[in-house]
Structures are given as C-alpha cells and as structure tokens.
Amino acid sequence: MKTSLLLILLLSQVALFAQSNLSIFNNNGQQFYVVLNGIRQNSKPETNVQVGQIKNGSYAVKVIFADGKTPDIDKNFMIDAPYDITARIIFKKGKGKLQLIGQEPTHGVIQEAVVYRPSDAAVYSDAVITQTLPVQTTTTIQTTGTSTVTNTDPNENVNLNMNLSVGGVNVNLNANASGTGVGTSTSVSETSTTSSSSVSSSSSTISTTSTQGHTVNCTQTMNRLEAFKAELQDQSFEDDRLEALKLGLNKTCLTTAQAAQLLDLFSFDENRLEAAKYLSDRLTDRESAGELAKKLNFDSSKMEYRRYISE
C-alpha cells in the first residue's frame, strides 16, 4: 500500500514538472497582458509576465498592451515537450514582435509565475483578494437642556421645541410636524463601483503575393527532407518556422509528397494555408498540387487554396 502511494506521488510530481513555462519581458516599459488561445493569463499588466504549468499543445499567443496605444502582437507556437521558453518584445519601425531568445528543458515550476488558465472560468492566480469589513463607530453626545412636546390630537400638528448644550455649545431646535405621529429614520446607502477591464483582440488576415504565373525558377531539388524538417522543428514559434521554410526553399523545388510532410509541421490552419500556397509554386509535379488541400482543416482554407492553384 505504501509503495502504491509513493508511486502515485512520484507520478504526480513528474506530471507537474513535465509542464512548460513561458516568460515574456519588455525592456521598453510598456506593461502588457498575455493571452493564450484567447484566454488572458495575468489579471494585471506587467513588463515581465511568466506563465507556468503549460501543457503540450499548439498556442496562439497575443500580447495586449495596457496603454491602449501600442499595437497588439500575435504569435503562434507549438510546445511538444516540457520547456522553459523565454521571449522578449522588440520594436522595429513602431511594430512589435516577439523574439525567441531561449528554450531549454524545464527546470520545474516557477513559483512566481502565474498559473496557466485553460478557460475563462479559471481564477487568476495573481489576483489580489480584498475583503472589506464593516466599521462600527460609536458616538456619545452629552446633552443638557429642556424639551417641550405639544400634541393634543394624533391628527393635529405637533410642535417640538428643544434646547441643547452640546460640548459647551447651546443649540435651540424647533420642529413642526403634522400627521398621525412623529418619527425619525436614518437611511444609509452604500454605492459600490465595480470596475471591469476588457481586453479587445484584433484579428489579422495573412495575404500572400506570389510571382507572376505562380512559377518559380528553381536551381535545385529537395534531397535532404529529413534534415530540413529537423531544422524547422527547432523553431518553437510557428511564425518563425514559416519564415524559415520560405528562406530554406527560396530556389528549391520539391514533390507533392515532400510538401505534404512539411505541412504536417504546422498546427494552425492559417499557417498551413500560407505554406501550402508557397510550396505549390515549387512543385515538380504541380498537376498533383490539389492533394495538399487535404492537409487543411477548414473548408474555407481548402477553397482558398484551390482558387490559388487554379489561377
């Protein structure tokens, strides 16, 4: 029994340490929020945000700046093993970009990191919990003086005359009321203001411009596919992986079967679509280019790709 409990404990620790950590920092001073797959991770903006306990999978990361002026940054990346990933925000010509500066096998949980939120129902681990306790105050007033109340009938007027001495100050009160009685009431109203912050996300459309007639003059053919795939897999961010693919195949042609294997390296349909268009211009068997549409997930992406290769 003890051995089983120990084994369960060890497995739980292994599962915990098998998760990744993402650190993003900005040396330019603008505070920001980190949004992963549409879910905001930190409750308050910072210039250095660490998100811990991230499971393997595909992630669309969005950086939203709290100043409301700096444009958002979008990046796609894939986590296929537990890593400690570090990226910094850089600006070129006023446009921000996430630059990967470090990725290594994880060293475990980062205590100061916010815990990954998989859904909006999850609580913010960095939220500040405040509790307001009612404050009771007691006021003692010593009064001396006389008061006279005249009331001959409940339906008649009531006259009240009172002389008070409060803290050495003489106060004379005169009141007249009509009705069935005299009474005093005190109402306390409490107004609470709830502030809410909304994070707006913008969507971007990726457009590609191909060469005239969608043909490329290649100087060589692909003869090192496995090595090239390994080079692309070293890029954690899919945007960087897509850029590396374009640079590596600038003047290289390949077969449809080879192109299909390269498309498997992309998780997001928008990246697969752009890569498929790029690769279709470099196929030695372009008559089979339509086969790459099977690698796309959405019907809209498949139709856009088919229109592209038919032009």
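May I ask for the net charge around residue 299, where only other residues with Cβ less than 13 Å from the Cβ of residue 299 are counted and Lys, Arg are +1 while Asp, Glu are -1? Net charge around residue 299: +2.
Taking label positions 7 Å along the Cα-Cβ direction at both residue 81 and residue 284, the computed distance is 3.2 nm, reported to one decimal. With 0.36 nm allotted per residue and the present C-alpha distance subtracted, the residue 311-residue 217 stretch has 32.0 nm of extension available. Potential lengthening of the chain between residue 91 and residue 260 amounts to 57.4 nm, from the contour at 0.36 nm per residue minus the alpha-carbon distance. Please report the base-10 log of the normalised intensity I(q)/I(0) for segment 17-115, using a Debye sum with one equal scatterer per alpha carbon and no solvent, at each q in 0.14, 0.15, 0.18, 0.19 (1/Å). For segment 17-115, the Cα-only Debye profile gives -0.48, -0.55, -0.79, -0.88.
Just so you know, all these numbers are worked out from the coordinates, no wet-lab data involved. Keep in mind it's a predicted model, so treat the numbers as computed, not measured. Here Cβ is always computed from backbone atoms with ideal geometry, including for glycine, and neighbour counts include all displayed protein chains.
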